Amino acid sequence: MYDIPLFDLNFGKEEEIAVIETFRSRWISTGPKCEEFENLFAEAIGTKFAVTTSNCTTALHVAVKILDIKEGDEVIVPSLTFAATANCVTYENAKPVFADITSLEDPTISPEDIAQKITDRTKAIIVMHFAGFPCNMNAIMNIAKEHNLYVIEDACHAPLSEYHGKKLGTFGDFACYSFFSNKNMSTGEGGMLVTNNESYFHKAKLLRSHGMTTMSYQRAKGHATEYNIENVGYNYRMDDIRASIGIVQLKKLRDDLKKRQEVRNQYVRLLSQMKDVVVPFKNNEDCNSNYILPIVIKNSTKENRNRIRAELHNVGIQTSVHYPCVHKFSCYGGETLPKSEYVADNEITLPMYSSLSSDEITYIVNSLRSIINE
């Protein structure tokens, strides 16, 4: 066990009560709680429609499927992300084309590299809002419009984050969110797909449940007795137990993000005094989720980064890495993306959660400073 863990669940009695109430309702699979969660989430993000899914990966896959991305197509994706951002393209036998990040200070996908990677086979762009901070959506949407490309926002880090006052997740054709156990909002496993396109919304509801035209809850309530399967779909459903937790987590989210911002402000103030450390997005003033606190060690190597992490481990501080480059995995390998590769080898994710105390933040930064200066 660590004295200071990487993250901490923002769970309390409210989540326990919500789960018990769902148990007592006698309906625990996809039903009224999922619908309530969808409506509340769409309202919070500012989209017309939302569809609960079993996780963010399945939400991404549904988006790719609806956009008819298939064998022979190319989709430009970041490499500094979790593998699902690229895997969802490969599921449909299309080709993920990896683009580099903008800089060490802005490790989101580079619009300039996106533009250079476009071919006559390019059909879409998937962006990932790293750590909850926005990609350059104005530039990316202009590129997409110029080349008639779809845009999917992987917003797994970014519930309620903004770009120039507009919520992330409202720029592209789809946005996908994660409620994995270490996310800002957690349901253990779970995801959400949002869109402003009504046709996409109805297709997503079909695809997430085998293509069935009516759900079990509708039939159980006597609203339908039969169903058709219009398209072969998947079992990508969320259940009402998780949705009931998600409803509570969503209600807590705004207050949680305010506290996370206070934690980040102290981190940035202290880390800015260290000449050997880059704090990505240091000058960002948009409202954001502060999902993680990434730093990048300057003039470093992977071995040095790993040494620093090991010594932080030894003094009771848990850290992580976000992320190994996807394009370097053996199933994708072959490209060179120098900025992404440097960050992947020299990034350290420090503890970040709303209940992190001022003394703990000071201890983390002082420990880091001492280890780097050894």
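The values are calculated or read from the model by the stated rules, or taken from the named source; none is laboratory data. Since the structure is predicted, the reported quantities are computational estimates derived from the model, not experimental observations. Please note: Cβ atoms are built from the backbone with ideal geometry, for glycine as well, and neighbour counts cover all protein chains shown.
Here is how the numbers come out for the structure above:
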quantity	calculated
Count - residues of the range 329-353 that are more than 28 Å from Pro5 (Cβ to Cβ) and of a type outside the set (A, V, I, L, M)	10
Every pair of residues 6+ apart whose Cβ atoms lie under 7 Å, when the first sits in the range 341-360 and is of a type in the set (Val, Ile, Thr) while the second is assigned to a helix (DSSP H, G or I)	Ile348/Arg305; Ile348/Ile308; Ile348/Arg309
Ser79 assigned by TED's automatic domain parsing to the domain that holds Asn235, more than 26 Å from Arg237 (Cα to Cα), buried (at least 24 other Cβ atoms within 10 Å of the Cβ) and not aromatic (Phe, Trp, Tyr)	yes
Some residue of the range 88-102 being assigned to a helix (DSSP H, G or I) and either surrounded by fewer than 19 Cβ atoms within 10 Å (Cβ to Cβ) or out of contact with any His (no Cβ under 8 Å at 6 or more places or on another chain) (or both)	yes
Which numbered condition Lys275 fails, given (1) of a type in the set (Lys, Arg); (2) in a loop (DSSP other than H, G, I, E, B); (3) in contact with a helix residue (DSSP H, G or I) (Cβ under 6 Å, 6 or more places away or on another chain)	(3)
Index of the failed condition, Glu311 passing every other in (1) within 30 Å of Glu341 (Cβ to Cβ); (2) modelled with pLDDT under 95	(2)
Identity of the residue in the range 161-178, in contact with a helix residue (DSSP H, G or I) (Cβ under 6 Å, 6 or more places away or on another chain) and assigned to a loop (DSSP other than H, G, I, E, B), that ends up nearest to Ser54 (Cα to Cα)	Gly169
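Results for (1) in contact with a Cys (Cβ under 9 Å, 6 or more places away or on another chain); (2) of a type outside the set (Val, Ile, Thr); (3) within 19 Å of Glu335 (Cβ to Cβ); (4) in contact (Cβ under 8 Å) with a residue 12 or more places away in the chain, shown as yes or no for each residue.
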{"position": "Leu40", "(1), (2), (3), (4)": "no, yes, no, yes"}
{"position": "Leu60", "(1), (2), (3), (4)": "yes, yes, no, yes"}
{"position": "Ser79", "(1), (2), (3), (4)": "yes, yes, yes, yes"}
{"position": "Pro107", "(1), (2), (3), (4)": "no, yes, yes, yes"}
